[in-house]
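S.K.: Before anything else, here's the structure in question.
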Amino acid sequence: MDKLAQRVRELASQRRAVILAHNYQEAAVQEVADFVGDSLELSRKAAATDAETIVFCGVYFMAETAAILSPRKTVLLPDLQAGCPMVTMAPVEAVRQLKAKHPGAIVVTYVNSSAAVKAESDICCTSANAAQIVAGLPADAEILFVPDQHLGAYVSKVTGRKMILYPGCCPTHAAISPADIAAARAAHPGAPVIAHPECRAEVSELADEVLSTSGMCRFAATSPARVIIVATETAMLHRLRKENPGKTFVPASERAVCPNMKRITLEKVAWSLEDMRYVVTVPEEIRVKALRAVERMVQERAPNAN
Ligand code: 13P
Ligand code: SF4
């Protein structure tokens, strides 16, 4: 462990802090974390930890979700500019307008959303449990799915449920093209393609499996394939390679880099712990409303989840 990583670990124990890192964090940040996981796993860890402080190495909505679940803990985000464009695409006013057009509809909201939008929702989901949540809704319900149109379209396809889709998306995943998949397959004949459901439908349709990042880890561990093509944010490959040293992982596109996830660096994690910044909080009236939807998300089991 290098000096800076050691310093981060010392500060974490002085502050009684737990460091949670998303699978899309750069390798050095993943290596210093107490736990690395997908959005659902990290939300559950944030809710369950008895640490006084949570340093969230991810983007703003993830820290905000931790603050919704654990209002008495101090939640730190090492860089306040680490946002998510999909969240920005769905301002609460637009979601209220959509709800007003469909009174009585059930609002299913992807965790990649603001606390205010979560507060307008009936239930939240992540990419790991979205299909189970939608499949469990009453058969005659009208469903609004907010804000990721691609995850929504994928869930609609696998569950057979019609949904009204909010037109948001992830620019990082939307940048992966069918031509990228074709080129990767041509370069690695026989290698299976695993894709995140934030990818466009024409990419997901070409994949062998469509999986959340935790699902990708399970697939990599159990698949007999020696080479696997991965259509998601490229930092995911660090964990896949580390956990599966005998296998080769190829990014479907080197361009699939989330600049917001990359705003978190080891230096910023150290500064965050030194100065106890930046504290993420949610106004109590919004938090209480959002909590109902987030608790339902955390309680819903993902298939094969640990
Ligand atoms: P998850 O697999 O954690 O849902 O990752 C998707 C993502 O883009 C998080 O921002
Ligand atoms: Fe948002 Fe996409 Fe980055 Fe995830 S990968 S934080 S959805 S922009």
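S.K.: What are the extents of the Cα atoms of the stretch 1-107 along their three principal axes, listed from largest to smallest and rounded to whole Å?
M.R.: Rounded to whole Å, the extents work out to 56, 26, 20 Å.
S.K.: Related question: Suppose we take every Cα in the stretch 184-239 and form the convex hull; what volume per residue is that in Å³?
M.R.: Values: hull volume 4.5 nm³, N = 56.
About 80 Å³ per residue, rounded to a whole number.
S.K.: Put +1 on the Cβ of every Lys and Arg and -1 on every Asp and Glu Cβ in the stretch 158-277; which of THR234, THR222, THR248 then has its Cα farthest towards the positive end of the dipole?
M.R.: It is THR222.
S.K.: Residue by residue, what Karplus-based ³J(HN,Hα) values in Hz, rounded to whole numbers, does the stretch 255-268 have, using 6.51, -1.76 and 1.60 with θ = phi - 60° and x for Gly and Pro?
M.R.: Residue by residue, the stretch 255-268 yields 7, 7, 10, 8, x, 6, 4, 7, 5, 8, 10, 4, 4, 5 Hz.
S.K.: Turning to a different aspect of this structure: Could you tell me what a quarter of the Cα convex hull surface of the stretch 243-287 works out to, in nm² with one decimal place?
M.R.: Values: hull surface 25.5 nm².
It is 6.4 nm².
S.K.: Right, next: Quick one: compute a quarter of the convex hull surface over the Cα atoms of the stretch 174-213 and quote it in nm². Before the final figure, lay out the partial values.
M.R.: Details: hull surface 10.4 nm².
Its Cα hull, projected and averaged over all orientations, spans 2.6 nm².
S.K.: Then there's this: May I ask you to order 115-121, 214-220 by the average number of other C-beta atoms within 10 Å around their residues, highest value first?
M.R.: Values: 115-121: 24.4, 214-220: 20.7.
Top of the packing list down: 115-121, 214-220.
S.K.: Rounded, prolate or oblate: pick one for the stretch 210-306, where a ≥ b ≥ c are the square roots of the eigenvalues of its C-alpha gyration tensor, a/c under 1.5 means rounded, and failing that, prolate if a/b is larger than b/c, else oblate. Please report the intermediate quantities before stating the final value.
M.R.: On the way: a/c = 2.54, a/b = 1.43, b/c = 1.77.
The shape class here is oblate.
S.K.: Kindly state, as a whole number, the per residue volume in cubic angstrom of the convex hull around the alpha carbon atoms of the stretch 111-181.
M.R.: Details: hull volume 7.1 nm³, N = 71.
It is 100 Å³ per residue.
S.K.: Report, please, the projected area of the stretch 54-211 averaged over directions, based on the convex hull of its C-alpha atoms, in nm². Display every interim value, and only then the final one.
M.R.: On the way: hull surface 42.4 nm².
It is 10.6 nm².
S.K.: Can I ask one more? Treat the count of other C-beta atoms within 10 Å as a stand-in for reagent exposure and order ASP122, ASP148, ASP79, ASP50 from fewest to most. Numbers along the way, then the final one.
M.R.: Numbers: ASP122 17, ASP148 29, ASP79 20, ASP50 7.
The fewest-first ordering by Cβ neighbours comes to ASP50, ASP122, ASP79, ASP148.
S.K.: At q = 0.15, 0.16 Å⁻¹, what is the base-10 log of I(q)/I(0) for the chain according to the Debye formula with one equal point scatterer per Cα and no solvent? Please give it to two decimals.
M.R.: Rounded to two decimals, the profile gives -1.19, -1.33.
S.K.: Can you tell me what percent of all Cα-Cα pairs in the stretch 79-150 are more than 15 Å apart?
M.R.: On the way: 1343 of 2556 pairs.
Above the 15 Å cut-off, the stretch 79-150 has 53 percent of its Cα pairs.
S.K.: What ³J(HN,Hα) values, in whole Hz, does the Karplus curve 6.51 cos²θ - 1.76 cosθ + 1.60 give for the stretch 84-90 when θ = phi - 60°, with x put for Gly and Pro?
M.R.: 9, x, 5, 5, 5, 5, 10
A short reminder: the numbers here are calculations on the coordinates, not readings from a lab. If you're wondering where the values come from, they're calculated on a predicted model, not measured in any experiment. Neighbour counts are summed over all protein chains in view; Cβ atoms, including those assigned to glycine, are modelled from backbone coordinates with ideal geometry.
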